[in-house]
Amino acid sequence: MKQTNRVFQGWPENLIFHWCGYFESQGYWKHEERYSQDFELIVMVEGQLSLVIEGENIELSADDFLLIPPDTAFVGGRETHNLKFYWLHFGCDGLAVVSNGGNYERQSGYWQLPETSETLLLDHELVLLQQMQVLKKHDFPDHTLLSLYTRTLLQGLSDKYVKYHQNINTSHFLVDYIKGFIKWNYRNDLNVGSISDYFGYSPGYLSNLFSKESGITITEYLKRIRLESARQDLLTTNRLLREIAYDNGFTDEKYFSRVFSKQYRLSPREYRNKYWILDKM
């Protein structure tokens, strides 16, 4: 995805949830022409989404997200298949678009939301989106609770964006390269040794550097990426557990179940049975 430097920033006011959903294409699909009066957040899970937004071509892949501003016309670009993504419509005042990026400074209550990103790990945000699919089914008198969820999600995006760019300015350049390499290759047979070989550094040096700069080991970071991808597969597919484990880089199904249970306090099967109730629309 071609990243932009546009950022929506300001003190958010009158934020209100409008609607959300989870989309899964059947065969080849192209987004219909639309003019949105809301903000629309699209978070990719699988496949590629091609859009033309006011004449600009945008290509989204798994783990990317896009924030479309109000009063924007857009339409699908090329047809794609095997497509899965979450979408969220909301209204919000007080956010202005800045074309040269944010200021990356933390201010309480002040948001900096990038238009696009392929670098932020949207783990907690995906959990919130999944929970919102469940909550919207309840017959609440208004959208107060879902608006709170929306605010929490967007605040999290803003915090991660600011923190990521603050770290870029202070951390070693190799750390971001390693994280990017892991995100693109986590399904393969990766470990500290193979990653070190790829970058041409000793395992000890790379491990110490990564831990010092990130506060987490390479092995733990790799495991988190794999678990989050597996969790998405549990919620959005009916594939067998062993297939999900192997497809996300776990060579032992029992080990996968053990680390998944430790991370999410439920076994993979229990987690699927409890949360696999998403609308596909």
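The values are calculated or read from the model by the stated rules, or taken from the named source; none is laboratory data. Just so it is clear, the structure is predicted and the values come from calculations on it, not from any experiment. In this analysis, Cβ positions are derived from the backbone assuming ideal geometry, glycine residues included, and neighbour counts consider all displayed protein chains. For accessibility, only protein heavy atoms count, side chains too; no ligands or nucleic acids. Shrake-Rupley method; radii C 1.70, N 1.55, O 1.52, S 1.80 Å.
Being surrounded by fewer than 18 Cβ atoms within 10 Å (Cβ to Cβ), touching an Asp or Glu at 6+ places or on another chain (Cβ under 9 Å) and of a type outside the set (D, E) is the filter here, so list the residues in segment 11-26 that pass it.
Passing the criteria: N14, H18, W19, G21.
Looking for something of a type outside the set (D, E) and more than 30 Å from R272 (Cβ to Cβ) - is there at least one such residue anywhere in segment 219-229? I'd like the intermediate steps shown before the answer.
Keep residues of segment 219-229 that are of a type outside the set (D, E), which gives 219, 221-227, 229.
Narrowing the set further to residues that are more than 30 Å from R272 (Cβ to Cβ) leaves none.
Looking through segment 219-229, none of the residues is of a type outside the set (D, E) and more than 30 Å from R272 (Cβ to Cβ).
Restricting segment 36-55 to residues that are modelled with pLDDT under 90 and over 21 Å from the mean Cα position of the chain (by Cα), which is least open to solvent (accessible area, probe 1.4 Å)?
My answer is S36.
Can you list the helices (runs of 4 or more DSSP H) lying wholly within segment 183-281 that have 1 or more residues being in contact (Cβ under 8 Å) with a residue 24 or more places away in the chain and of a type in the set (V, I, T)? Reasoning before the result, please.
On the way: elements: 192-199, 203-214, 218-236, 241-247, 253-264, 268-275.
Of the helices (runs of 4 or more DSSP H) lying wholly inside segment 183-281, those with at least 1 residues that are in contact (Cβ under 8 Å) with a residue 24 or more places away in the chain and of a type in the set (V, I, T) span 192-199, 218-236, 241-247, 253-264.
Taking the options K179, K183, K280, name whichever one is within 19 Å of the chain's Cα centre (by Cα), modelled with pLDDT under 90, open to solvent by less than 40 Å² (accessible area, probe 1.4 Å) and of a type in the set (K, R).
On the way: K179 fails: open to solvent by less than 40 Å² (accessible area, probe 1.4 Å); K280 fails: open to solvent by less than 40 Å² (accessible area, probe 1.4 Å).
From the options K179, K183, K280, the qualifying one is K183.
List every residue pair whose Cβ atoms sit under 8 Å apart, with the two residues 6 or more apart in sequence or on different chains, where the first one lies in segment 89-105 and is more than 29 Å from Y22 (Cβ to Cβ) and open to solvent by less than 30 Å² (accessible area, probe 1.4 Å) and the second, anywhere, is assigned to a loop (DSSP other than H, G, I, E, B) and at pLDDT 65 or above.
G101/N5
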